[in-house]
Amino acid sequence: MNIHTPIRLTPAETALVETYTAQVGDLPGDGAVTVTRDRLLNDIKTSGLPTRRVEAWHYTDLRTLLRNVPAPLAAAPSLATIAPLVEGAQVLPVLHGAVDAATSIDGVEVASFADSLVNGTAAAGLAALDKDDAIGKINGSLVRDGYSIAIPAGSTVEAPIELQALHGAGQVHTRFPVTFGAGSRATFIERHRSATGEAALVSSISDIMLEEGAEAVWIILQEQGAEDTHLGQVRVKFGTDSKLRLFVINAGGKLVRQELRIDVDGEGSELTLRGVNLLGGETHTDVTLVLGHNVPNTNSTEIFRNVVFDRARGVFQGMIRVAPDAQKTDAKMACNTLLLTDDGEFSVKPELEIFADDVICGHGATVSDIDNNHLYYLQSRGIPENKARAMLVNAFVAEVVEELEDEKLVEALEGVISAWLEKHA
Amino acid sequence: MAAVQETIDQVRQIDVDQYKYGFETIIEVDKAPKGLSEDIIRFISAKKQEPEWMLEWRLDAYQRWLTMEEPTWARVDYPKIDFNELYYYAAPKNMTGPSSLEEVDPELLRVYEKLGIPLQEQEMLAGVQKPRVAVDAVFDSVSVVTTFKKELQKAGVIFMSISEAIREHPELIKQYLGSVVPTTDNYYATLNAAVFTDGSFVFVPKGVRCPMELSTYFRINEKNTGQFERTLIIAEEGAYVSYLEGCTAPQRDENQLHAAVVELVALDDAEIKYSTVQNWYPGDAQGKGGIYNFVTKRGDCRGHRSKISWTQVETGSAITWKYPSCILRGDDSRGEFYSIAVSNGYQQIDSGTKMIHLGKNTSSRIISKGISAGRSNNTYRGQVSIHRRAENARNFTNCDSLLIGDKCGAHTVPYIEVKNASAQVEHEATTSKISDDQKFYVMQRGIPEEEAIALIVNGFVKDVIQELPMEFAVEAQKLIGISLEGSVG
């Protein structure tokens, strides 16, 4: 394909361009922010959304798959917050992309992201990560609001903080820059949920910065509607000796791309990444991890468990990149899939790109149906087949959730998983 | 070689069109002029005394090639190849077909001797009873001598150069050539289809177990001649054949392009075992020179219960771009891929396999061992694809990488695509260096460091070595040792 040939925009691309053109005067920010927005949108306009020819989008041809870009609503639907995932959590509501600037959490600095767009401090962060960063481009050009959060150095926030993003029909583009100050500790639950079940396009970027010695737990629970598109991205920068436990649960959406772009830039830091993809119906769900171990002496483990029902398609791409000189890196990744239907499919591309020699890196990937021996074991104890299957599927995914350790959180997430499985199995 | 330069000069002065009417020369090398055009293809085809349909086939491929773009997705980096700066045909002089080794140009024999090619004809004449290997030696594109031909004939096995086969068995060629790697397949395969000069053809008829290991030694000799080999192996129902391919190349300054195509067809209950030891010139200590090895190898398990197994030991070439694959079309068919890829100096390897499961109860196994040293980059790129109707497919993949030194890179890029719930696919990959404990253990028994590393590396690749035929296994182990020389300290 010759890049100089102007492309013919797909209806979805046209809709994105039109959304921008219609809103441009109204989007928060000016000066550098507008310049960045213009540039990002222009990229989409001139080169289009990525196709499968772009390696990072090999299994998710966004240009073909993104068909439905609903027009933004003229007026935001009136939505109300729901009960938090775990009792006692402090809720930061994001109702159809609008934040409540009055919400405050003790000991945590919370501000509207729109403010930093208006005062221009958000400009630098708006840029796309690379030329294939379609989510960064869409979100960067259209983002309206979100929360900017800072956990002050040395503080510990006991109760989990829930970013409760509920949406109706239309489009929502949000961003959540969160800084964990040196030595601070906090748990976040980022929750995306459809309130009305009508088709929506949601793009959301969480920008997580861990300063020296910070310890964070970040849970993403995506339960969007069966007609929704979810384009999520998590950007993480690790400081020295910091720790992150990141849990990603996808249990909804029609077209989902969840990108985890993680840079381990601090020596002695540690990433624990766990993911569960519950795929049913007609969903196409893609989780793409790009993990850079850029400095010596860092650890990471990644475990993903996927379950495929119906006509669902799942994708996991996991790239571990060990930079030259990033000696003593220990990185292990596993991606296990239960493919329970002949109409579904799952594609895995775990990648290792290693430029340092004193490392231990590995990945494993499996795809199979439920093991007949396991089934037989349970059936021989008088458990009927369908129940035995449900137990095995549940155990398969619940295993990774248990690593959260926090009892309340584990219980809540297991509840979500069981409820989903009951509906689909 | 003054004579060669003379030819080039002569050739430059002659209008290309004249070659259609025959190109005669009395100097040592018979060579087409530089560059690629329809006329060159006509020239090659005429030189090979090919029938008209073969020429058409080549020209079709050429037209297609003109519309294609060079692939860039592999993790390799090299200056752009000017395809008009290459020679597409060079043949050694003695074409009359010697009937015994005495008649073979002694110059050629001396080169073979240096390369250690076991032309075992002499041994057989002397009555030495050994496992026999038939050699179809390829010296710059044209088969010079074929041994054991008669014995193979007795078994009904056809083993000849592909040019001969085009003339003598056109019906088989028409049926099978391009049926596994179509002329439209990829840039280099298409180029090969247009300009291939020679290669081997093997046909093992129904129920025949080939009485010996077949072997071709490829060798790139002339300066700047791209080698475009074409190999076609067909095993009919219940047949078995083991084919060995070994390569060496002398030191050359300029990069040489090698774009071969190998096609294997296994019908019901047939088995083909294809082994390669590749040790072409990898370039000098500064990364200058060396062979570009852009090869398309594919096996088609067309019949039920058929089996194709690829084993490769890759130690040479500046750049390797090679994915021996299996299409598991027949029910209960099996594909295997065993690979050792050693890179040192500035070598770049992007190699792996594809296992395409189409039939029921198909199984595949991939064992890949990559060793990177020096400033090299070694990538495993593999695909396992279980199609919708491939019930009960099984795959096991294991790819391990070993890093020696902190300036090299080891990469693993597997693609796993599963569309059938009854499939069972397992993939595992690890990357690490030789642990100090292992090294210490060996060294404290008085073994010097370099030997200790060679020993550990040989242990690391053992799973693959044991898949090689005996003769190759010994050679391969030595090769790995030689390839890693100077990577320590």
Exercise. What is the residue count in region B:388-410 for residues that are at the interface with chain A (Cβ under 9 Å from one of its Cβ atoms), not in a strand (DSSP E or B) and not charged (D, E, K, R)?
Worked result: 2
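For region A:222-245, name all the residues that are of a type outside the set (Val, Ile, Thr), assigned to a strand (DSSP E or B) and surrounded by 22 or more Cβ atoms within 10 Å (Cβ to Cβ). Before the answer, list the steps.
First, pick out the residues of region A:222-245 that are of a type outside the set (Val, Ile, Thr): A:222-228, A:230-233, A:235, A:237-239, A:241-245.
This time we only want the ones that are assigned to a strand (DSSP E or B), so: A:222-223, A:230-233, A:235, A:237-238, A:243-245.
A:GLN222, A:HIS230, A:LEU231, A:GLY232, A:GLN233, A:PHE238, A:LEU244, listed by residue number.
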Problem set entry | Residue that is surrounded by the fewest Cβ atoms within 10 Å (Cβ to Cβ) [pool: residues in region B:419-442 that are within 29 Å of the chain's Cα centre (by Cα) and more than 18 Å from A:ILE320 (Cα to Cα)] | B:GLU426
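For the condition more than 30 Å from A:GLY239 (Cα to Cα), at the interface with chain B (Cβ under 10 Å from one of its Cβ atoms), aliphatic (A, V, I, L, M) and in contact (Cβ under 8 Å) with a residue 24 or more places away in the chain, what is the one hit in A:LEU278, A:LEU338?
A:LEU338
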For this session: Might you let me know whether region B:345-362 holds any residue that is among the polar types (S, T, N, Q) and surrounded by fewer than 22 Cβ atoms within 10 Å (Cβ to Cβ)?
Result: yes
For this session: Could you list, in sequence order, all residues of region B:328-343 that are buried (at least 24 other Cβ atoms within 10 Å of the Cβ) and of a type outside the set (Phe, Trp, Tyr)?
Result: B:LEU328, B:GLY330, B:SER333, B:GLY335, B:SER339, B:ILE340, B:ALA341, B:VAL342, B:SER343
Problem set entry | Residue list for region A:375-387, filter: surrounded by 12 or more Cβ atoms within 10 Å (Cβ to Cβ) and either in the same structural domain as A:VAL315 (by TED's automatic domain parsing) or assigned to a loop (DSSP other than H, G, I, E, B) (or both) | A:ILE383
Exercise. Of all residues in region A:346-358 being modelled with pLDDT under 95 and in contact with an Asp or Glu (Cβ under 7 Å, 6 or more places away or on another chain), which is farthest from the other protein chains (Cβ to nearest Cβ)?
Worked result: A:ALA356
For this session: Would you be able to say whether some residue in region B:470-484 is closer than 29 Å to A:GLU351 by Cβ, crowded, with 23+ Cβ neighbours inside 10 Å and touching a helix residue (DSSP H, G or I) at 6+ places or on another chain (Cβ under 7 Å)?
Result: yes
Exercise. For region B:148-176, which residues satisfy the criterion of being over 23 Å from B:GLY238 (Cβ atoms) and not in a helix (DSSP H, G or I)?
Worked result: B:SER161
Problem set entry | Options B:VAL425, B:VAL442; residue that is more than 9 Å from chain A (Cβ to nearest Cβ) and touching a residue at least 12 places away in the same chain (Cβ under 8 Å) | B:VAL442
For this session: Determine whether B:GLY459 is closer than 23 Å to B:ILE340 by Cβ, modelled with pLDDT under 95 and away from chain A (no Cβ under 13 Å).
Result: yes
Exercise. Since A:GLY318 meets every condition but one in (1) free of Cβ contacts under 8 Å to residues at least 40 places away in the same chain; (2) more than 8 Å from every other protein chain (Cβ to nearest Cβ); (3) touching a Cys at 6+ places or on another chain (Cβ under 8 Å), which condition does it not meet?
Worked result: (1)
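Residues A:THR81, A:THR21, A:THR60: which one is closer than 30 Å to B:PRO71 by Cβ and of a type in the set (Ser, Thr, Tyr)?
Details: A:THR81 fails: closer than 30 Å to B:PRO71 by Cβ; A:THR21 fails: closer than 30 Å to B:PRO71 by Cβ.
So the residue among A:THR81, A:THR21, A:THR60 that is closer than 30 Å to B:PRO71 by Cβ and of a type in the set (Ser, Thr, Tyr) is A:THR60.
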Exercise. For A:GLY415, are the conditions met, namely being more than 7 Å from every other protein chain (Cβ to nearest Cβ), without any contact (Cβ under 8 Å) to a residue 40 or more places away in the chain and buried (at least 17 other Cβ atoms within 10 Å of the Cβ)?
Worked result: no
Exercise. What is the number of the single condition among (1) in contact with a Lys or Arg (Cβ under 8 Å, 6 or more places away or on another chain); (2) surrounded by fewer than 18 Cβ atoms within 10 Å (Cβ to Cβ) that A:LYS131 does not meet?
Worked result: (1)
Exercise. Scanning for something within 14 Å of B:ALA341 (Cβ to Cβ) and either aliphatic (A, V, I, L, M) or surrounded by 21 or more Cβ atoms within 10 Å (Cβ to Cβ) (or both), does region B:392-399 turn up at least one residue?
Worked result: yes
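What do you reckon, is A:ASP43 free of Cβ contacts under 8 Å to residues at least 60 places away in the same chain, of a type in the set (Asp, Glu) and in the same structural domain as A:GLY232 (by TED's automatic domain parsing)?
no
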Exercise. How many residues does region A:121-170 hold that are touching an Asp or Glu at 6+ places or on another chain (Cβ under 7 Å) and of a type in the set (D, E, K, R)?
Worked result: 1
Seminar exercise, completed: Only unsatisfied item for B:GLU467, checking (1) in contact (Cβ under 8 Å) with a residue 60 or more places away in the chain; (2) in a helix (DSSP H, G or I), is (2)
Exercise. Has region A:248-263 got at least one residue that is in contact with a strand residue (DSSP E or B) (Cβ under 9 Å, 6 or more places away or on another chain) and within 15 Å of A:ALA331 (Cα to Cα)?
Worked result: yes
Problem set entry | Qualifying residue in region B:429-436 (condition: assigned to a helix (DSSP H, G or I) and either at pLDDT 90 or above or more than 9 Å from every other protein chain (Cβ to nearest Cβ) (or both)) | yes
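The values are calculated or read from the model by the stated rules, or taken from the named source; none is laboratory data. Please read all numbers here as calculations on a predicted model, not as lab measurements. Virtual Cβ from ideal backbone geometry, glycine too; neighbours counted across all protein chains shown.
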